[in-house]
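Remarks on the structure that follows.
The values are calculated or read from the model by the stated rules, or taken from the named source; none is laboratory data. All figures in this text were calculated on a predicted structure; none of them were measured in a lab. All Cβ positions, even for glycine, are placed from backbone atoms using ideal geometry, and neighbour counts span all protein chains on display. These area figures cover heavy atoms from the full protein model, side chains too; ligands, DNA and RNA do not enter into them. Shrake-Rupley method; radii C 1.70, N 1.55, O 1.52, S 1.80 Å.
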Amino acid sequence: MKFIDLFAGLGGFHQALVQRGGECVFASELNEHLAGLYEKNFGIRPAGDIRSVDLSAIPEHDLLCAGFPCQPFSKAGDQKGLECPQWGNLFDYVVAILKLKQPRFFIIENVPNLIRHNRGKTWSIICDQLKAAGYAISFERLSPHMFGIPQKRERAFIVGDRHGLSNFAWPIPDDIPQTSIRSVLDDDPPEAQGLNGDHLRYLETWQEFVAAFPKDQHLPSFPIWAMEFGADYPLDGLTPHARGYRRLGKFKGAFGMPLAGLSPQQAEAALPSYARTTLDHFPAWKIDFIAKNRAFYA
Ligand SMILES: C[S@@+](CC[C@H](N)C(=O)[O-])C[C@H]1O[C@@H](n2cnc3c(N)ncnc32)[C@H](O)[C@@H]1O
């Protein structure tokens, strides 16, 4: 099984496929540092930017692997998708190689949001292009924790076979194995760097919080902004900046600090940093997080 490793990164596909008897015949990775590590680990110097590669010179292969950059589709990114000028068109290169070299199989990996991006339109464009390149396709969301590795990192995987996928089934275990981070930690690692005192205190405090949390309740799924605990500065209408910091005397700032008697500068400094915006109104998502934190604290 000859494979190529596009957007090779640290070589996740390479590592897995070589263990299965595969042979890597070509890799591409833009980032010099990653390309250097790839060469050190696997003895193959990846070609750089796929946009500058002569695609016809890519060796014949049975399987194309591609984890193309996920920033344009990620919930954490700008969501520009296939229109993203920096990354969006990289998928076109994958399709171009599939059409030109016609490997029998492919495996593509990306963030799960790829499927929902732009209300599913991006996903249907991608599927249509892969089918038009001659492949039967199937996709699944998988995460290492489903396979006994103690990490939750869901990814969308798409597989394709030019001969059809009627005999293919995703290898999803019936029972998700119990995993523990302890299984991959060394007891006494010689090169470990210690956490500083502050970080240890943060961790201990969170641990205390989790331990004290009622077992029959769900832990919050919104970000905890502890500065809202005790705060009641107004969220509706104008922001503190637009309203004027001298008008906040009857309210409380971060961690419930009374704002009465403070100068405008002191009142501003006593608010959480994210509440010191110069916008006239808080965006709805921020009001939502703040309101949830206050209700949670109450
Ligand atoms: C999501 S990561 C892939 C991770 C990889 N599957 C692994 O196992 O580490 C995407 C990679 O694509 C690389 N990349 C981005 N643009 C590229 C381009 N034009 N040509 C080649 N590689 C590129 C990035 O540097 C990044 O390492």
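Brief remarks follow.
- Some residue of region 211-223 being surrounded by 10 or more Cβ atoms within 10 Å (Cβ to Cβ), of a type outside the set (D, E, K, R) and part of a helix (DSSP H, G or I): no
- Scanning region 1-40 for residues that are in a strand (DSSP E or B) and either farther than 19 Å from ARG155 by Cβ or not aliphatic (A, V, I, L, M) (or both) yields LYS2, PHE3, ILE4, ASP5, GLU23, CYS24, VAL25, PHE26, ALA27, SER28.
- Checking PRO240, PRO190, PRO258 one by one, the residue that is at negative phi and open to solvent by less than 50 Å² (accessible area, probe 1.4 Å) is PRO240 and no other.
- Here GLU32 meets the list (1) closer than 19 Å to LEU98 by Cα; (2) within 12 Å of the ligand (Cβ to nearest atom) almost entirely, failing just condition (1).
- Where THR278 falls short, out of the listed (1) open to solvent by 70 Å² or more (accessible area, probe 1.4 Å); (2) in contact (Cβ under 8 Å) with a residue 40 or more places away in the chain; (3) part of a loop (DSSP other than H, G, I, E, B): (2)
- For beta carbons closer than 7 Å, sequence separation of 6+ or different chains, a first residue in region 155-180 that is of a type in the set (A, V, I, L, M) and a second that is in a loop (DSSP other than H, G, I, E, B) and open to solvent by less than 70 Å² (accessible area, probe 1.4 Å), the qualifying pairs are ALA156/VAL111; ALA156/PRO112.
- If you go through region 39-48 and keep only what is at pLDDT 95 or above and near the ligand (Cβ under 9 Å from one of its atoms), you end up with PRO46, ALA47.
- Residue in region 5-23 that is of a type in the set (Phe, Trp, Tyr) and either over 23 Å from PRO144 (Cα atoms) or more than 7 Å from the ligand (Cβ to nearest atom) (or both) present: no
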